[in-house]
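Please read the structure below before turning to the comments.
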Amino acid sequence: RKLDQIAADLAKPFGIPVITNTDIGDAFAKFRLEEGETVYEALNRACAMRSVLPVSDGKGNLLITKPGTARAGVRLVEGKNILSASAEYSAKDRYAQYIVKAQQPGSDQLDADQSAHVRAEAKDAGVKRYRPLLILAEQSADLKTATKRAEWEANVRAARGQRVRVRV
């Protein structure tokens, strides 16, 4: 099943519609809920494996998306439309190196070593000291999927470490 189908099934009992506005990748070969896992934790785990984010669209829907690149249509100018602003910077959950390890089912095209030892990396240039994070993939993954997951971790953790609030 694909991510949007899984998300819709999980959100249905809560009456929350799911909207997808980005490529969500291939179907999962297997996806199961972990004992004691909340719906949010399961969705977040599935979204991480597809390098997307589960967010609210502000209208009561769950939006599965990627960070946008569009700019706001209005300039924010101190003293005119900015009432207050604050910023918060934290490196607490950031790492210099993200290493994702996974396995994938063997096939005639892969030897046992290739399927048993998938390893991908991404770096956060904003963290200067040696600080690695090892992530064991929640499901089987090939090199492409593991690489996307490592990059997603680096990007999302860097973004969450730099929060700006502006009241207009």
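The values are calculated or read from the model by the stated rules, or taken from the named source; none is laboratory data. Quick caveat: nothing in here was measured; it's all calculated off a predicted structure. Quick reminder, even Gly has a Cβ in these numbers, built from the backbone with ideal geometry, and neighbours come from all protein chains shown. The area values use the complete protein model at the heavy-atom level, side chains included, leaving out ligands, DNA and RNA. Shrake-Rupley method; radii C 1.70, N 1.55, O 1.52, S 1.80 Å.
Below is a table of values for the structure above.
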{"quantity": "Accessible area in square angstrom per residue, segment 23-68, 1.4 angstrom probe", "calculated": "58 Å²"}
{"quantity": "Helix-only mean residue ellipticity at 222 nm for the chain, each DSSP H run of n ≥ 4 adding -39500 (n - 2.57), per residue, nearest 500", "calculated": "-7500 deg cm²/dmol"}
{"quantity": "Among T65, T145, T38: highest mean-square fluctuation, GNM of the chain, C-alpha pairs under 10 Å", "calculated": "T38"}
{"quantity": "Extreme residue, positive dipole direction of the chain, given options Q104, V156, S86 (C-beta unit charges)", "calculated": "S86"}
{"quantity": "Cα-centre dipole for the chain with unit charges at Cβ (Lys and Arg positive, Asp and Glu negative), debye to 20", "calculated": "960 debye"}
{"quantity": "The chain: most fluctuating residue of A72, A150, A87 per GNM, C-alpha cutoff 10 Å", "calculated": "A72"}
{"quantity": "0 to 90° range, to nearest 10: angle between helix 143-160 axis and the chain longest Cα axis", "calculated": "20 degrees"}
{"quantity": "Accessible surface of the chain [probe 1.4 Å, protein heavy atoms]: carbon and sulfur percent", "calculated": "51 percent"}
{"quantity": "Residues of type lysines that K148 reaches as a straight line, Cα spacing below 25 Å, ignoring anything fewer than 8 places off in the same chain", "calculated": "K2, K30, K66, K92, K101, K123, K128"}
{"quantity": "Phi to ³J(HN,Hα) by Karplus 6.51 cos²θ - 1.76 cosθ + 1.60 over segment 127-140, Hz, x for Gly, Pro", "calculated": "10, 7, 8, 5, 8, x, 10, 9, 10, 8, 4, 6, 8, 5"}
{"quantity": "Accessible surface of Y40 - all protein chains present, 1.4 Å probe, nearest 10 Å²", "calculated": "140 Å²"}
{"quantity": "Pair V74, V164: separation of 7 Å Cα→Cβ label points (nm)", "calculated": "1.6 nm"}
{"quantity": "Angle between the chain longest axis and helix 39-49 axis [Cα atoms, degrees, rounded to 10]", "calculated": "70 degrees"}
{"quantity": "Highest-MSF residue in the chain out of R75, R129, R149 [GNM, Cα springs under 10 Å]", "calculated": "R75"}
{"quantity": "(i) -0.94, -1.21, -1.53; (ii) -1.09, -1.25, -1.35; (iii) -0.98, -1.17, -1.33, with the label sought being that of the calculated log10 I(q)/I(0) by the Debye sum over Cα atoms at q = 0.16, 0.18, 0.20 Å⁻¹", "calculated": "(ii)"}
{"quantity": "Rel. contact order, % - alpha carbon contacts under 8 angstrom, at least six apart, segment 5-96", "calculated": "26 percent"}
